[in-house]
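The values are calculated or read from the model by the stated rules, or taken from the named source; none is laboratory data. Note that the structure is predicted; figures quoted are calculated from it, not measured. Positions of Cβ are generated from backbone atoms using ideal geometry, with glycine treated the same way; all protein chains shown enter the neighbour counts. SASA here: full protein model, heavy atoms, side chains in, ligands and nucleic acids out. Shrake-Rupley method; radii C 1.70, N 1.55, O 1.52, S 1.80 Å.
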Amino acid sequence: MRPYRHLATKLCAGSHGASIVVCRHNANRGAIPRHGSDLRPRVCMSSLVAVNTSRRLHTESIHSNKGSLSHFEIRTDGTHPAIFSSPSQGNSAALEAIPPIWLRDNCQCSSCVHQDTKQRNFDTFELPPNLSFQKVEEAQNGYQVQWSDGHESFYEKDWLARAGLKETSAIQQGRAPNPVLWNTDYLAKEGAPSVQYDAVMDPTSEEGVREWVTAIRNFGFCYVEGAPVDPGKTQELLERIAFIRETHYGGFYDFTADLASKDTAYTSIALPAHNDNTYFSDPSGLQMFHLLSHTEGEGGASLLVDGFSAAKELKETDPEAYKILSEVPVQFHASGNEGISIQPYQAFPVFLLDPVDKELIQVRWNESDRAALQIHPAGSQKWYNAAKKFDTLLKSAKYEYWEQLKPGRPLIFDNWRIMHGRSAFTGKRRICGGYITRDDYISRFKMLYYGPEHVLKNIHVGA
Ligand SMILES: C[N+](C)(C)CCCC[C@H](N)C(=O)O
Ligand SMILES: O=C(O)CCC(=O)C(=O)O
């Protein structure tokens with residue numbers, strides 16, 4: 001397990017000028033969350049062993065936080081440009097000039113950033129075109145800069161050292177700190193993640209909610225034990241994370257097989273593993289199901305599949321198929337309800353990858369709601385072949401986790417990662433729950449896991 005290494009930052013300030021050198025030595029980047037080292041992101045690549053919300057052994061990272069070497073120099077000697085960055089350690093010849101406006105644009109002083117709203121409070125494009133350093137002085141934890149237009153800025157060493165990082169900040173995206181890619185073997189050995197209703201609903205503390213959203217972020221799903229079998233209480237539970245998303249199905253939902261909405265969810269037929277809302281530009285981030293009752297019948301078991309885990313296997317076993325599913329744009333639709341036909345503003349691939357570090361961000365998979373492939377039909381066989389391989393993994397015993405939901409044990413899952421489904425059923429079956437928008441879920445996770453101060457300090461980093 002490689003420890004988190006501190007950054008090396010030093011200033012060489014001379015009488016006629018100053019240069020700020022910030023070197024990053026392959027440190028395992030990952031923020032140390034405010035809760036101390038026990039929650040420090042683990043980036044060891046050991047095989048998946050066992051993790052649950054109370055015990056943490058080893059986890060497999062799906063986001064390799066490779067450290068990056070960045071080298072910043074601020075010089076005020078002569079006519080040289082003010083700031084440089086180098087991809088290689090200390091090799092001045094390789095330094096790339098960075099326009100001073102970039103540093104000035106990131107001034108966080110109380111006049112440049114609205115202290116209540118945290119929004120930029122000046123017009124970057126009204127700065128003088130020849131803006132340069134007047135003076136740079138080192139302080140204990142940063143550098144005091146006087147600009148040629150008279151403005152004064154202070155740049156913390158910690159921020160400067162991270163500002164040149166190439167990979168998207170794990171904090172900005174609220175990436176899973178200790179992701180667990182699971183399959184049925186793992187769950188059989190370790191059980192499914194769960195938290196206690198009373199802890200989540202404790203009005204005197206957010207600790208229970210933090211544990212809940214952290215488990216969801218790392219595992220992709222989590223049960224809540226000991227919840228009242230009541231729709232109103234279920235809504236309150238869900239709203240401990242964030243407000244519920246309204247859709248054409250309504251907000252908080254309480255449904256049964258009556259086709260109240262023209263969607264197969266409102267029937268009793270089997271539903272294969274799928275993500276919901278693939279027809280929205282922004283599919284819901286979280287989805288909750290709380291089985292309230294199932295009488296006079298049988299079946300209706302719930303299915304979960306870890307789409308990230310299956311996608312990782314596809315990437316390792318058939319990288320070409322993975323590439324096709326991450327490139328070929330696919331359209332989806334929801335058109336069953338009177339006067340409604342929803343499609344996203346563009347076609348999206350099944351696997352949405354982060355444009356900076358190519359990490360898997362979202363799986364968009366729904367064979368019922370899929371519409372046109374946005375490629376010429378003549379070239380479509382490659383997509384069908386690749387999709388068939390992914391579908392075969394999803395339907396394998398290795399990945400299909402079946403569980404009969406129980407009243408009093410709501411299930412919540414990450415709809416950008418986990419596919420869900422159900423077996424056919426008979427009788428009267430009633431489920432309630434709701435959607436939460438992805439950004440609201442991730443915001444809540446970040447602020448609880450890292451704490452507001454750390455999150456706000458990491459908004460203006462990453463190049
Ligand atoms: C609202 N409620 C969850 C009851 C049903 C929603 C239907 C979702 C649709 N089948 C999809 O895959 O997006
Ligand atoms: O009825 C179920 O268990 C699941 C229904 C479903 O897939 C959905 O509402 O998205």
### All positions within segment 259-286 that are open to solvent by 50 Å² or more (accessible area, probe 1.4 Å) and within 11 Å of ligand 1 (Cβ to nearest atom)
A260, K262, T264, P272
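Answer with yes or no whether L373 is hydrophobic (A, V, I, L, M, F, W, C) and under 12 Å from E327 (Cβ atoms).
On the way: hydrophobic (A, V, I, L, M, F, W, C): yes; under 12 Å from E327 (Cβ atoms): yes.
Against the criterion (hydrophobic (A, V, I, L, M, F, W, C) and under 12 Å from E327 (Cβ atoms)), L373 qualifies.
So for segment 429-438 (the condition being more than 16 Å from ligand 1 (Cβ to nearest atom), out of contact with any strand residue (DSSP E or B) (no Cβ under 7 Å at 6 or more places or on another chain), part of a helix (DSSP H, G or I) and within 27 Å of L360 (Cα to Cα)), does at least one residue qualify? Walk me through it before giving the result.
Quick first cut of segment 429-438, residues more than 16 Å from ligand 1 (Cβ to nearest atom) only: none.
No, segment 429-438 has no match at all.
Filter segment 439-453 for residues that are open to solvent by less than 30 Å² (accessible area, probe 1.4 Å) and in a helix (DSSP H, G or I); which is nearest to G250 (Cα to Cα)?
Initial filter on segment 439-453 (open to solvent by less than 30 Å² (accessible area, probe 1.4 Å)): 441-442, 445, 448-451.
Restricting the remaining residues to those that are in a helix (DSSP H, G or I) gives 441-442, 445, 448-449.
Values: Y441: 19, I442: 22, F445: 25, L448: 28, Y449: 30 Å.
Here the residue is Y441.
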### Task
Would you mind finding the one in G232, G250 that is within 16 Å of ligand 2 (Cβ to nearest atom), free of Cβ contacts under 8 Å to residues at least 60 places away in the same chain and open to solvent by 10 Å² or more (accessible area, probe 1.4 Å)?
G250
#### Entry: Where a residue in segment 129-152 is surrounded by fewer than 13 Cβ atoms within 10 Å (Cβ to Cβ) and its partner, wherever it lies, is of a type in the set (K, R), with Cβ under 7 Å and at least six apart
N141/K157
### Query
Given segment 138-248, what helices (runs of 4 or more DSSP H) lie entirely inside it while holding 2 or more residues that are modelled with pLDDT under 95?
157-163
## Note on the structure
Restricting segment 287-317 to residues that are in a helix (DSSP H, G or I) and open to solvent by less than 20 Å² (accessible area, probe 1.4 Å), the one nearest to ligand 2 (Cβ to nearest atom) turns out to be G307
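Can you go through A242, A270, A301, A260 and tell me which one is in the same structural domain as V195 (by TED's automatic domain parsing) and under 27 Å from L325 (Cβ atoms)?
Details: A242 fails: under 27 Å from L325 (Cβ atoms); A301 fails: under 27 Å from L325 (Cβ atoms); A260 fails: under 27 Å from L325 (Cβ atoms).
After ruling out the rest, the residue left standing is A270.
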### Task
Among residues belonging to segment 253-286 that are outside any loop (DSSP other than H, G, I, E, B) and near ligand 2 (Cβ under 9 Å from one of its atoms), point out the one that is nearest to S302 (Cα to Cα).
L271
### Summary
(1) open to solvent by less than 40 Å² (accessible area, probe 1.4 Å); (2) at pLDDT 95 or above; (3) not hydroxyl-bearing (S, T, Y) all hold for D354 apart from (2)
#### Entry: When residues of segment 409-438 are limited to those that are open to solvent by 10 Å² or more (accessible area, probe 1.4 Å) and away from ligand 2 (no atom under 11 Å from the Cβ), the one nearest to A242 (Cα to Cα)
T437
#### Entry: Number of the condition not met by W212 [criteria: (1) open to solvent by less than 50 Å² (accessible area, probe 1.4 Å); (2) touching a Cys at 6+ places or on another chain (Cβ under 8 Å); (3) under 23 Å from W416 (Cα atoms); (4) within 14 Å of ligand 2 (Cβ to nearest atom)]
(4)
